[in-house]
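J.: My questions will all concern the structure given below.
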Amino acid sequence: MKIDILTLFPSMFSALTEESIIARATKKGLVDIKITNIRDFSTLNNNQVDDTPYGGGAGMVIMCDPVFKAVESVRTSNSKVIMLSPSGKIYKETTALRLSKEKHIILLCGHYEGFDERIKSIVDEVISIGDYVLTGGEIPAMAVADSIIRLIPGVINSESLRSESFEDNLLDYPVYTKPREYNGLLVPDVLLNGDHKKIDEYRNKERIRITKENRPDLLK
Ligand SMILES: C[S@@+](CC[C@H](N)C(=O)[O-])C[C@H]1O[C@@H](n2cnc3c(N)ncnc32)[C@H](O)[C@@H]1O
């Protein structure tokens, strides 16, 4: 899969591309991530990319021209163009699964007051990562890219993708590792006896308990 990220702050993306699982996936050739600076497509003095809003109001709005040109420079017939915006549709694991099957994703990161509305005419989908406002689309783009890349076959052990949070509308069960006792805190006995039927039962019950407690909205 190819992922193009269009941003005004390219250096933020070293956190995504140069560390851990995503860096290894890139080295293995499972994903090809390219970061493009929208400012490089400005034809104005000082590479200006934003201006004041029509109708008044605070902040600066990112202009059409550099964004249209930046998208044009990377778009192919296989591309899906995604704008990050708090006014988009809420991003979920099911969205990540759907997008992990795409060949080419273009992520468009806003900043300041956001994008000129006309930019939506060249966008396939508008995604919000949650009901809060961040200063820019860079962290949302990293969240979306990371969640998609880890689902690409070969990026992580396929066993690790089984019974994760959100599968079957449930959250994940609690996990423990050595030692068996830490400062008086114990690992549940059921996990120590090797009875996998009982372990599965315990884990399923825990998934339901934790989902009821933290995310009752997920339960049908
Ligand atoms: C300060 S925000 C703009 C907020 C916009 N004026 C509003 O109220 O909806 C600047 C940029 O950050 C990104 N952003 C902020 N919060 C986001 C969220 N929850 N999901 C996705 N993108 C977000 C978007 O790319 C947005 O264009």
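J.: For region 109-124, indicate whether the set of residues that are within 13 Å of the chain's Cα centre (by Cα) and within 14 Å of the ligand (Cβ to nearest atom) is non-empty. Spell out the reasoning first.
T.: Going residue by residue through region 109-124, those that are within 13 Å of the chain's Cα centre (by Cα) are 109.
Applying the additional criterion that residues be within 14 Å of the ligand (Cβ to nearest atom) yields 109.
Among the residues of region 109-124, at least one is within 13 Å of the chain's Cα centre (by Cα) and within 14 Å of the ligand (Cβ to nearest atom), which makes the answer yes.
J.: Continuing with the same structure: Please find, within region 125-136, the residue that is surrounded by the fewest Cβ atoms within 10 Å (Cβ to Cβ) out of those that are closer than 18 Å to residue 99 by Cα and near the ligand (Cβ under 6 Å from one of its atoms). Give the steps one after another, and end with the answer.
T.: The first filter runs over region 125-136 and keeps only residues closer than 18 Å to residue 99 by Cα, leaving 125-130.
Pick out the ones that are also near the ligand (Cβ under 6 Å from one of its atoms) and you get 128-130.
Working: 128: 17, 129: 21, 130: 11.
If we take residues in region 125-136 being closer than 18 Å to residue 99 by Cα and near the ligand (Cβ under 6 Å from one of its atoms), then 130 is surrounded by the fewest Cβ atoms within 10 Å (Cβ to Cβ).
J.: Hey, another quick one. Which numbered condition in (1) part of a helix (DSSP H, G or I); (2) touching a Ser or Thr at 6+ places or on another chain (Cβ under 6 Å); (3) among the aliphatic types (A, V, I, L, M) is the only one that residue 143 fails?
T.: (2)
J.: Another question about this same structure. What are the residues in region 49-62 that are more than 13 Å from the ligand (Cβ to nearest atom) and in a loop (DSSP other than H, G, I, E, B), if any?
T.: Passing the criteria: 52, 54, 55, 56.
J.: Taking the criterion of being of a type in the set (D, E, K, R), part of a helix (DSSP H, G or I) and closer than 22 Å to residue 144 by Cα, would at least one residue in region 28-48 satisfy it?
T.: no
J.: How many of the residues making up region 73-88 are over 13 Å from the mean Cα position of the chain (by Cα) and either within 16 Å of the ligand (Cβ to nearest atom) or surrounded by 16 or more Cβ atoms within 10 Å (Cβ to Cβ) (or both)?
T.: Of all residues in region 73-88, those over 13 Å from the mean Cα position of the chain (by Cα) come to 73-81, 86-88.
Adding the requirement that they be either within 16 Å of the ligand (Cβ to nearest atom) or surrounded by 16 or more Cβ atoms within 10 Å (Cβ to Cβ) (or both) leaves 74, 79-81, 86-88.
Selection size over region 73-88: 7.
J.: OK, next. Please specify each residue of region 1-58 satisfying the condition of being of a type in the set (Asp, Glu) and more than 17 Å from residue 104 (Cα to Cα). Steps first, answer last, please.
T.: Quick first cut of region 1-58, residues of a type in the set (Asp, Glu) only: 4, 18-19, 32, 40, 50-51.
18, 19, 40, 50, 51, listed by residue number.
J.: Let me ask something else. Within 9 Å of the ligand (Cβ to nearest atom) and not β-branched (Val, Ile, Thr), is that true of residue 141? Break it down stepwise before answering.
T.: Numbers: within 9 Å of the ligand (Cβ to nearest atom): yes; not β-branched (Val, Ile, Thr): yes.
Yes.
Where a number appears in this text, it was derived from the coordinates with a stated rule and is not lab data. Here the structure is a predicted model, which means the values were calculated and not measured. When we count neighbours, we look across all protein chains shown, and the Cβ atoms used for this are built from the backbone with ideal geometry, even at glycine.
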